[in-house]
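Asker: Dropping the structure in here first, questions after.
The values are calculated or read from the model by the stated rules, or taken from the named source; none is laboratory data. This one's a predicted model, so the numbers in the text were calculated from it and none came from an experiment. Reconstructed Cβ throughout: ideal geometry from the backbone, glycine too, with neighbour counts over all protein chains shown. The protein model used for the area step is the full one, side chains on, heavy atoms only, and it has no ligands, DNA or RNA in it. Shrake-Rupley method; radii C 1.70, N 1.55, O 1.52, S 1.80 Å.
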Amino acid sequence: MKDSARAVIIGGGVVGASVLYHLARIGWTDVLLLDKSELTSGSTWHAAGGMHTFNGEANISRLQKYTIDLYREIETVSGQSCGLHPNGGLMLAATAGELDSLRLICSRARYLGMETEMISLAEAQQLNPLIDARYFIGALWRADGGHCDPSGTTHAYVKAARTLGASVERFTRVLSLTQRRDGSWDVLTDKGTVHAEQVVNCAGLWAREVGHMVGIELPVLAMEHHYLITEDVPELEGRSEEIVNTTDYAGEIYLRQERRGVLIGTYEPHGVVWSPLKTPDDFAMQLLPEDFERLAPYFEVGFRHFPALGRVGIRKAVNGPFTFAPDGNPLVGPVRGVRNYWVACAVMAGFSQGGGIGLVLSRWMAENDPGQDIISMDVARFGTFATPKYTSIKVPENYARRFRLAYPNEELPAARPVRRSPIYERLLAAGAVMGANFGLEHALWFAPAGVAPTETPTYRRSEAFPFVRAECQAVRSSVGLYETTNYGKYEVTGRGARSWLDRVFACRIPPPGRLGLAPMLNPAGRIMGDLSIACLAEDRYLIVGSGFAEEFHLRWFWASQPPADVCVRSAASTLAGVSIAGPRARELVQRLVRVDLSPQAFRLFQVTETAVGFAPAILTRAGFTGELGYEIWTTPDYFVSLYDDLWDAGRALGLTHFGGRALSSLRLEKGYGSFNKDFRPDYTPAETGLDRFVDFGKPDFTGRAAALAERAAGPKRRFVVMEVPESDAEVIGYESIMQDGTAVGYVTSGAYGHCIGRSLAAGYVPTALARDGARFEIDILGEMRTATVHLAPLYDPQGRRLRA
Ligand SMILES: Cc1cc2nc3c(=O)[nH]c(=O)nc-3n(C[C@H](O)[C@H](O)[C@H](O)COP(=O)(O)OP(=O)(O)OC[C@H]3O[C@@H](n4cnc5c(N)ncnc54)[C@H](O)[C@@H]3O)c2cc1C
């Protein structure tokens, strides 16, 4: 065995094999994969090998397509067959909601360059004659996908990597990892020690244990999963082609042809966690006992929906474990605080996702940048809230919902509430319908007295629509209160704070008493964050950004190496906040503070530390609604008093609660983009319009060279807000923006603009087409609607109300 390597990959399942291949392909040939047993001996060997491009996140869908397309390449490089059956996929809908979901997939697929079509049930039966059409109302066909041979595919990756110079040691168990002072690792195995610059945890079923080796608790857990292989099915006799792989959402069944029989699997509602505390060391290439009694009712649904399967015997049953993260997407990337340690685990669809994971991780390791936005599979989308207890509740929920469609207005109930702000009970008493963001409960909308605080999951307008409208109108006509505790908050202090911030952020760092909008770029000049910086003193700053991105931003700050005289810490649990917005906001806040809030004395983006009622607070004049507004931050112990004071002072002024839904509508009326929806590491300052906050005159900041180059060349695409004719549904996200039958861009977010009476869609289109009044078409749930660009904000284009 080699005694040193540039990178050691722990785990030779399909994911580790792909990472090995991609590192070798990018030029890192001094890489070593270690497996404690035979390759594929974790989850990989007994997988059903199904592959598809379906994912709610467009970028993951794209990586899944890359994975499927890659198999021909590794077959060529390795000479090893992946056992491909590229027979495409069928998705069956049994309810109106499922049908909407299939239409949305179709609309999205056009821009992603995937061949997808809504087809009739009769056409679906041509592709799979086993379907009993009585149980379904619609179908989607997609060209990409099919199935492969799990073992052949893994070996093809490994052989291809070896061809390029990579090494593999089987039956070599990693026992511990010890970091040297220079950040490199001593990888202790039962066959000796390997010195490695970098280590990658691809340990699948043992990812949790390989996390423990460096003191981290990854939110990953294994579930048992069953599939059956039937005896030969007479209905398939004489067919020249295999049936198309089929997913039955209502029945929670997937199936595909296996020789002359069928492989049928189910994701049952009450799944069983496997090895909840520790994965056995000696588990390898083993199956688990079948539990037909528990599973029978769910497979019987399959035998009803595909009756020919109920008439033949079962040739083989497989029950094997595989791992999930709490939301079902993989955990990929570096871990804050642990240098030169990477994870690629919790991959529940290794044959759809393994290739894409190898691609982005290898780039990330070699170039310090995954090359595209992958936030939705970044390990940093989970923070400390994702404790083992949280994971142990969320993973079974996710498993049970594997084939349930995620409605855009749906909030999943398991493991809630985890994090609560001090005013949580008060908001509930006010009718709040809560969502969870980074584990923290926050109000989405408020049900008035007498209205149930619940919402039917749907792709269309819900019963919340009129109440969200009332909240928006209250903000625009008098004053509203929105809790901002769920924003990401960071304190940066110390003598070197300003110069460090100057390097990390692309904007001018505001002087004491001022707040600045603060884009943060990566070296490639792409948007890592769209935050605000409030300068409380030369050596004290409050930074506010997206709550979802808290760990993502903390990791970025850590990687940006604050010097010894700078302290960066999260204020997630040490500051709570509210936004007060609307034409009467000044009147309200002035009742609680002694500082003069008159327009000349306390201008837009001014910051001060002052008492607000009982609460010592940071007061800023800022907001996200486009109205006159203030944000008030205090410590959690004062927060209830602050809230009560605001209500006492504001009730007579018409103070109204508003939630996240109203905020989405208000901000789009103003054309403001939102991080993780409209602004992501895929886009640049000029594309997003955030270039107006970039200080190009600064001598040095991360991403400067790329931002300057982009400024010289001009952006290729632009973020625009479009108006679409009203119907009973708004855009959801990632729908293709079409012109003359060609997909030219895609939607990033949408909302109904309640105060301007228009349905709004935001997204990116090529710069040449981003003209005021330009017309496109967007397929919204199967209906082509005209989309008209408005370059100026539709509400208060001069910003007079904001500056009032
Ligand atoms: C019944 C079933 C059906 C499935 N069907 C599909 C499907 O149709 N399509 C699909 O895409 N996915 C399917 N999956 C999921 C798929 O199996 C996984 O996504 C995939 O196998 C994950 O691969 P991995 O490389 O992450 O992990 P694993 O396959 O678990 O590999 C981890 C490897 O790490 C090694 N290892 C662990 N610890 C150490 C250590 N300390 N030292 C050295 N080596 C170590 C292990 O020996 C193992 O080989 C299915 C899973 C099951 C159980």
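Asker: Could you say which residue among ARG503, ARG508 is touching a strand residue (DSSP E or B) at 6+ places or on another chain (Cβ under 8 Å), of a type in the set (D, E, K, R) and farther than 22 Å from PRO422 by Cα?
Answerer: Exactly one of ARG503, ARG508 is touching a strand residue (DSSP E or B) at 6+ places or on another chain (Cβ under 8 Å), of a type in the set (D, E, K, R) and farther than 22 Å from PRO422 by Cα, namely ARG508.
Asker: Looking only at residues that are open to solvent by 10 Å² or more (accessible area, probe 1.4 Å) and assigned to a strand (DSSP E or B) in the stretch 324-342, which one is nearest to the ligand (Cβ to nearest atom)?
Answerer: Filtering first and then ranking leaves TRP342.
Asker: While we're looking at this one, here's another question. Inspect the stretch 384-396 for any residue being farther than 26 Å from GLY215 by Cβ, of a type in the set (D, E, K, R), more than 16 Å from the ligand (Cβ to nearest atom) and surrounded by fewer than 21 Cβ atoms within 10 Å (Cβ to Cβ) and give the result as yes or no.
Answerer: no
Asker: Which of the residues that make up the stretch 343-378 are under 18 Å from SER546 (Cβ atoms) and either out of contact with any Phe, Trp or Tyr (no Cβ under 9 Å at 6 or more places or on another chain) or assigned to a loop (DSSP other than H, G, I, E, B) (or both)?
Answerer: ASP373, ILE374, SER376, MET377
Asker: Still on this structure: So, TYR734, is that one open to solvent by less than 20 Å² (accessible area, probe 1.4 Å) and not polar (S, T, N, Q) or not?
Answerer: No: the conditions fail for TYR734.
Asker: Just a yes or no: is a residue in the stretch 310-322 open to solvent by 10 Å² or more (accessible area, probe 1.4 Å), within 12 Å of the ligand (Cβ to nearest atom), more than 19 Å from ASN59 (Cβ to Cβ) and within 31 Å of the chain's Cα centre (by Cα)?
Answerer: Yes, the stretch 310-322 contains a residue that is open to solvent by 10 Å² or more (accessible area, probe 1.4 Å), within 12 Å of the ligand (Cβ to nearest atom), more than 19 Å from ASN59 (Cβ to Cβ) and within 31 Å of the chain's Cα centre (by Cα).
Asker: Ok, one more. Residues of the stretch 760-791 being touching a residue at least 40 places away in the same chain (Cβ under 8 Å), open to solvent by 30 Å² or more (accessible area, probe 1.4 Å), within 19 Å of THR748 (Cβ to Cβ) and not in a strand (DSSP E or B), which ones?
Answerer: THR767, LEU791 - these are the residues of the stretch 760-791 that are touching a residue at least 40 places away in the same chain (Cβ under 8 Å), open to solvent by 30 Å² or more (accessible area, probe 1.4 Å), within 19 Å of THR748 (Cβ to Cβ) and not in a strand (DSSP E or B).
Asker: Turning to a different aspect of this structure: Please list, ordered by residue number, the strands (runs of 3 or more DSSP E) wholly in the stretch 1-101 having 3 or more residues that are within 14 Å of the ligand (Cβ to nearest atom) and crowded, with 22+ Cβ neighbours inside 10 Å.
Answerer: Ranges flagged: 4-10, 31-34.
Asker: Related question: For the condition away from the ligand (no atom under 12 Å from the Cβ) and of a type in the set (S, T, N, Q), what is the one hit in SER352, SER362? Lay out the reasoning, then the answer.
Answerer: Working: SER352 fails: away from the ligand (no atom under 12 Å from the Cβ).
From the options SER352, SER362, the qualifying one is SER362.
Asker: Would you point out the residue of the stretch 143-161, among those that are charged (D, E, K, R) and surrounded by fewer than 23 Cβ atoms within 10 Å (Cβ to Cβ), that is nearest to the ligand (Cβ to nearest atom)?
Answerer: Restricting attention to the stretch 143-161, the residues satisfying the condition of being charged (D, E, K, R) are 144, 149, 159.
Still in the running and surrounded by fewer than 23 Cβ atoms within 10 Å (Cβ to Cβ): 149, 159.
On the way: ASP149: 11, LYS159: 16 Å.
Only one residue fits best here, namely ASP149.
Asker: Further question on the same structure: When you go through (1) in contact with a Leu (Cβ under 9 Å, 6 or more places away or on another chain); (2) open to solvent by less than 20 Å² (accessible area, probe 1.4 Å); (3) part of a helix (DSSP H, G or I) one by one for GLU687, which number turns out not to apply?
Answerer: Condition not satisfied by GLU687: (1).
Asker: Now for a separate question. From GLU197, GLU169, GLU231, which residue is within 13 Å of the ligand (Cβ to nearest atom), open to solvent by 30 Å² or more (accessible area, probe 1.4 Å) and out of contact with any helix residue (DSSP H, G or I) (no Cβ under 8 Å at 6 or more places or on another chain)?
Answerer: None of the others qualify; the one that does is GLU169.
Asker: Something else: Going by what's in this entry, would GLY192 be described as of a type outside the set (A, V, I, L, M, F, W, C) and at pLDDT below 95?
Answerer: Details: of a type outside the set (A, V, I, L, M, F, W, C): yes; at pLDDT below 95: no.
Criteria not met by GLY192.
Asker: Taking the condition of being of a type in the set (Lys, Arg) and either within 16 Å of THR44 (Cα to Cα) or assigned to a helix (DSSP H, G or I) (or both), how many residues in the stretch 125-175 meet it?
Answerer: 4
Asker: Write out, first by first residue and then by second, each pair whose Cβ atoms fall under 7 Å of each other, whose residues are 6+ apart or on separate chains, and whose first residue, in the stretch 192-204, is under 12 Å from GLY13 (Cβ atoms) while the second is near the ligand (Cβ under 9 Å from one of its atoms) and part of a loop (DSSP other than H, G, I, E, B).
Answerer: Going by the 7 Å Cβ cut-off, the qualifying pairs are CYS202/GLY11; CYS202/GLY13; ALA203/GLY11; GLY204/GLY11; GLY204/GLY13; GLY204/GLY42; GLY204/SER43.
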